[in-house]
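**Student:** This is the structure I want to talk about, given as structure tokens.
The values are calculated or read from the model by the stated rules, or taken from the named source; none is laboratory data. All values reported here derive from a predicted model rather than from experimental measurement. Neighbour counts are summed over all protein chains in view; Cβ atoms, including those assigned to glycine, are modelled from backbone coordinates with ideal geometry.
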Amino acid sequence: MNRREALIARVIAGYRAAYGADPAQLFAAPGRVNLIGEHVDYNDGFVLPCAIDRETIVALGESEKARFEAVALDMGAGARDSFVLDAPAGRIDGDWQNHVRGVVHFIQAGGHGVRPARIAVAGDVPIGAGLSSSASFGVATALAVSEHSGLALTPAQIARIAQAAENDFVGCACGIMDQMASAASTAGAALLLDCRSLETRAVPIHPRLAITVIDSGIRRQLTTSAFNERRAQCEAAAQHFGVAALRDLDAAELEAGRGGMDETLHARARHVVSEIGRVAPFAAALASGDAAALARLLEAGHRSLAGDFGVSLPALDQLAAEVQSALGDAGGVRLTGAGFGGCLVAVSDAAAAPAIAAAVEGHNREAENPARIAAFRPAAGAARISC
Ligand code: GLA
């Protein structure tokens, strides 16, 4: 039984145990690793994530009651929710429940009818590692509800609904990157996404290259408040410059207009502007297999996230420096995702894999939290799968 078959077996067994019947349909949505373009999506910029072969699966069946019922198999015993569909489903004191309620709410708010259903949800995207387990949960649920209700929403509509649920029901002011990566990726490629227009382009990954995710072993803490604070700082900086979003600034304008600006806000804006500038050259280097260019861009990206944006930790900087020095020109490494823990991503010549492994091993001899290399393949976006 492969990874997906085992997950499908688990979700079907969980559905049967919860509802005493078989599900009628299955839907899957992947997590993602972001290669470059960090903390840029909510500034309307460009990002380059890649969906991974770890996912959330929703098993769905009809409900005879005029209700929506859900069970979350990874959230402990008794993790169930149930709400009526003919009155607004409000937020409750919970987390995963609000993804489900928010998705149903925003589909209804778009003028669509939601058919009663029962769902069971399970996933194998590591939680709290910066690999978007939440977005995959939201996107899988939104796709399941949309298809079951006969709506045929587009991947961008699905992504927007899952993002709105996370923003307004879960309370995290996340951008659109994770949900778009989960909804719209193509197998074997990274997804170049314009976060303003939501235009996408699949960027092939040169066969000479490998993407390695290194889980630092440090789980994120207090991310929601720190994340929302970073977003507010970016919006304040954009307001200072009189632009709709930091995407509308270049490096020269950023320096010319800094007068009277708080140092921290300026540094936050400098990260966003410099990071957006790294995305197009990175996409070109990824497609052509230019490991030395990737090394420069990833190293600069990490420095900017740690210094200007302030979302790294000393232990992450240390791990990144050790891996980068082992790689040299053969590739680069940086913090990926929101920060404050989670994973690093390395993009390198495939032949450099042993150097990465040796650096991580060396790090673990001294480190409080052992790091772990995880092998993922670039996966396709959300889809209905067969039972
Ligand atoms: C989290 C958010 C995304 C994005 C990243 C940082 O994953 O959910 O929208 O802002 O952080 O790039």
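**Student:** Could you go through region 125-139 and let me know if any residue there is more than 16 Å from the chain's Cα centre (by Cα) and either at positive phi or among the charged types (D, E, K, R) (or both). Let's see the steps before the verdict.
**Tutor:** Taking region 125-139 and keeping what is more than 16 Å from the chain's Cα centre (by Cα), we get none.
Within region 125-139 (the criterion being more than 16 Å from the chain's Cα centre (by Cα) and either at positive phi or among the charged types (D, E, K, R) (or both)), the answer is no, since none of the residues qualifies.
**Student:** Which condition number in (1) under 20 Å from the mean Cα position of the chain (by Cα); (2) within 18 Å of VAL47 (Cα to Cα); (3) not aliphatic (A, V, I, L, M) is the one that SER274 fails?
**Tutor:** Status for SER274: all satisfied but (1).
**Student:** May I pose another question? Restrict the check to region 299-315 and report whether at least one residue is more than 16 Å from the ligand (Cβ to nearest atom), without any contact (Cβ under 8 Å) to a residue 12 or more places away in the chain and of a type in the set (A, V, I, L, M).
**Tutor:** The answer is no; no qualifying residue exists.
**Student:** Quick one: in region 311-365, which of the residues that are hydroxyl-bearing (Ser, Thr, Tyr) and in contact with a helix residue (DSSP H, G or I) (Cβ under 8 Å, 6 or more places away or on another chain) is farthest from PRO126 (Cα to Cα)?
**Tutor:** Per the stated criteria, the residue is SER325.
**Student:** Please find, within region 150-174, the residue that is nearest to ASN43 (Cα to Cα) out of those that are away from the ligand (no atom under 11 Å from the Cβ) and in a loop (DSSP other than H, G, I, E, B).
**Tutor:** GLY171
**Student:** So if I check each of ARG201, ARG219, which one is within 30 Å of ALA315 (Cα to Cα), more than 14 Å from the ligand (Cβ to nearest atom) and surrounded by fewer than 18 Cβ atoms within 10 Å (Cβ to Cβ)?
**Tutor:** Values: ARG201 fails: within 30 Å of ALA315 (Cα to Cα).
When all the criteria are applied, what remains is ARG219.
**Student:** Looking only at region 24-47, count how many residues are surrounded by 24 or more Cβ atoms within 10 Å (Cβ to Cβ) and out of contact with any Asp or Glu (no Cβ under 9 Å at 6 or more places or on another chain).
**Tutor:** So the count comes out to 2.
**Student:** A follow-up question, please. Which numbered condition in (1) within 16 Å of the ligand (Cβ to nearest atom); (2) out of contact with any Phe, Trp or Tyr (no Cβ under 9 Å at 6 or more places or on another chain); (3) among the small types (Gly, Ala, Ser) is the only one that GLY31 fails?
**Tutor:** The single condition GLY31 does not satisfy is (2).
**Student:** Checking the structure you have, find out if any residue of region 259-266 is among the small types (Gly, Ala, Ser), outside any loop (DSSP other than H, G, I, E, B), more than 16 Å from the ligand (Cβ to nearest atom) and assigned by TED's automatic domain parsing to the domain that holds GLY342.
**Tutor:** As a first pass, look at region 259-266 and keep what is among the small types (Gly, Ala, Ser): 259-260.
Those left that are additionally outside any loop (DSSP other than H, G, I, E, B): none.
No, region 259-266 contains no residue that is among the small types (Gly, Ala, Ser), outside any loop (DSSP other than H, G, I, E, B), more than 16 Å from the ligand (Cβ to nearest atom) and assigned by TED's automatic domain parsing to the domain that holds GLY342.
**Student:** Working only within region 96-147, note down all residues that are free of Cβ contacts under 8 Å to residues at least 60 places away in the same chain, within 15 Å of the ligand (Cβ to nearest atom) and of a type in the set (Val, Ile, Thr).
**Tutor:** The one that is free of Cβ contacts under 8 Å to residues at least 60 places away in the same chain, within 15 Å of the ligand (Cβ to nearest atom) and of a type in the set (Val, Ile, Thr): ILE127.
**Student:** Here is a follow-up. Sort through ILE356, ILE385, ILE373 and tell me the only one that's among the β-branched types (Val, Ile, Thr), at pLDDT 95 or above and more than 18 Å from VAL33 (Cα to Cα).
**Tutor:** Numbers: ILE356 fails: more than 18 Å from VAL33 (Cα to Cα); ILE373 fails: more than 18 Å from VAL33 (Cα to Cα).
It is ILE385.
**Student:** Give me a count of the residues in region 239-258 that are away from the ligand (no atom under 15 Å from the Cβ) and either touching a residue at least 60 places away in the same chain (Cβ under 8 Å) or of a type in the set (Ser, Thr, Tyr) (or both).
**Tutor:** Final tally of qualifying residues: 2.
**Student:** Turning to a different aspect of this structure: Can you give me the number of residues within region 334-351 that are buried (at least 23 other Cβ atoms within 10 Å of the Cβ) and not in a loop (DSSP other than H, G, I, E, B)?
**Tutor:** Here the count works out to 8.
**Student:** What single numbered condition from (1) in contact with a Pro (Cβ under 8 Å, 6 or more places away or on another chain); (2) modelled with pLDDT of 95 or more fails to hold for SER63?
**Tutor:** (2)
**Student:** Here's another thing I want to ask about it. What are the residues in region 34-79 that are farther than 20 Å from GLN179 by Cβ and in contact with a Gly (Cβ under 7 Å, 6 or more places away or on another chain), if any?
**Tutor:** Listed by number, the residues that qualify are VAL71, LEU73.
**Student:** What are the pairs, 6+ residues apart or on separate chains, where a residue within region 1-17 that is farther than 17 Å from ALA140 by Cα has its Cβ under 8 Å from a residue that is loosely packed, with under 11 Cβ neighbours inside 10 Å and among the small types (Gly, Ala, Ser)?
**Tutor:** Close Cβ pairs satisfying both conditions: none exist.
**Student:** Now, a different point. Determine, yes or no, whether GLU229 is outside the structural domain of VAL58 (by TED's automatic domain parsing), closer than 26 Å to GLY110 by Cβ and free of Cβ contacts under 8 Å to residues at least 40 places away in the same chain. Outline the logic, then answer.
**Tutor:** Values: outside the structural domain of VAL58 (by TED's automatic domain parsing): yes; closer than 26 Å to GLY110 by Cβ: no; free of Cβ contacts under 8 Å to residues at least 40 places away in the same chain: yes.
Here the answer is no, as GLU229 does not meet what is asked.
**Student:** Residue check, SER82 against (1) farther than 24 Å from GLY339 by Cα; (2) within 25 Å of the chain's Cα centre (by Cα), all met but one. Which one?
**Tutor:** If we test SER82 against (1) farther than 24 Å from GLY339 by Cα; (2) within 25 Å of the chain's Cα centre (by Cα), just (2) comes out false.
**Student:** Still on this structure: Tell me yes or no: at least one residue of region 7-26 is in a strand (DSSP E or B) and touching a Ser or Thr at 6+ places or on another chain (Cβ under 8 Å). It would help to see each step written out before you state the result.
**Tutor:** In the first step, residues of region 7-26 are kept if they are in a strand (DSSP E or B); the result is 25-26.
Retained after the next criterion (residues that are touching a Ser or Thr at 6+ places or on another chain (Cβ under 8 Å)): 26.
Looking for residues that are in a strand (DSSP E or B) and touching a Ser or Thr at 6+ places or on another chain (Cβ under 8 Å), one finds at least one in region 7-26, hence yes.
**Student:** Just to be sure I understand, how many residues within region 175-198 are assigned to a strand (DSSP E or B) and within 14 Å of the ligand (Cβ to nearest atom)?
**Tutor:** Pass one, region 175-198, residues assigned to a strand (DSSP E or B): 189-194.
With the extra rule that they be within 14 Å of the ligand (Cβ to nearest atom), the set shrinks to 191, 193.
Summing the residues that are assigned to a strand (DSSP E or B) and within 14 Å of the ligand (Cβ to nearest atom) in region 175-198 gives 2.
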